[in-house]
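Peer 1: I'd like to ask you about the structure that follows.
The values are calculated or read from the model by the stated rules, or taken from the named source; none is laboratory data. Bear in mind that the values here come from a model prediction, so they are computed numbers and not experimental data. So basically every Cβ, Gly included, is an ideal-geometry build from the backbone, and we count neighbours across all protein chains shown. In case anyone asks, the SASA skips ligands and DNA or RNA and just uses the protein heavy atoms, side chains included. Shrake-Rupley method; radii C 1.70, N 1.55, O 1.52, S 1.80 Å.
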Amino acid sequence: QVQLVESGGGLVQAGGSLRLSCAFSGRTFSSYAMAWFRQAPGKERKFLAAISWSGGTKDYQDSVKGRFTISRDNAKNTVYLQMNSLKPEDTAVYYCAADLGFGGTVESDFEFWGQGTQVTVSS
């Protein structure tokens, strides 16, 4: 069974940066497309970024293009989300997700989910 554990969240001032990590275990990481989503209080969970199994293809939500970067290290079984120029509206719980396939940009494209890590951006 795939297990995903996010880390790296916390409190940061507006304009600051954070790097989230998601540790993958239980299966062959390099076979899975990975993604990051977030859920703000009272709102639906939304797609942020996705990366193919090889890392060769990446996709981003328009609102985070140029600020967030998704990457993966298949030797470390880890996917990352580098977040720069953070804004108060980026405050949310951030989730990583995995799919044994091509992934996508909606929740139903992903089979496995982590528990989330809280990111709070103060103004």
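Peer 1: Compute for the chain: radius of gyration divided by Kirkwood radius, i.e. Rg/Rh, restricted to C-alpha atoms, rounded to two decimals.
Peer 2: Details: Rg = 13.3 Å, Rh = 14.1 Å.
Value, to two decimals: 0.94.
Peer 1: For K65, give me every one of the lysines with a C-alpha distance below 24 angstrom, ignoring sequence neighbours fewer than eight places off in its own chain.
Peer 2: K43, K46, K87
Peer 1: Net charge near G16: determine it from the other residues with C-beta under 12 Å of the C-beta of G16, scoring Lys and Arg +1 and Asp and Glu -1.
Peer 2: On the way: positive: R19, R67, K87; negative: D90.
Net of charged neighbours comes to +2.
Peer 1: Now for a separate question. Given a 1.4 Å probe, how much area per residue of the chain is accessible, in Å²?
Peer 2: Working: 6280 Å² over 123 residues.
Averaged over the residues of the chain, the accessible area is 51 Å².
Peer 1: Continuing with this model, one more query. How much net charge surrounds E111 when only other residues with a Cβ under 14 Å from its Cβ are counted (Lys, Arg +1; Asp, Glu -1)? Write down the numbers at each step before the final one.
Peer 2: Details: positive: R27; negative: D99, E107, D109.
Result for the neighbourhood of E111: -2.
Peer 1: If you count only protein heavy atoms and use a 1.4 Å probe, how large is the accessible surface of K76, to the nearest 10 Å²?
Peer 2: Roll a 1.4 Å probe over it and K76 shows about 130 Å².
Peer 1: Could you check how much of the accessible area of the chain is carbon and sulfur, as a whole percent, using a 1.4 Å probe?
Peer 2: Numbers: 2910 of 6280 Å².
Of all accessible area on the chain, carbon and sulfur atoms account for 46 percent.
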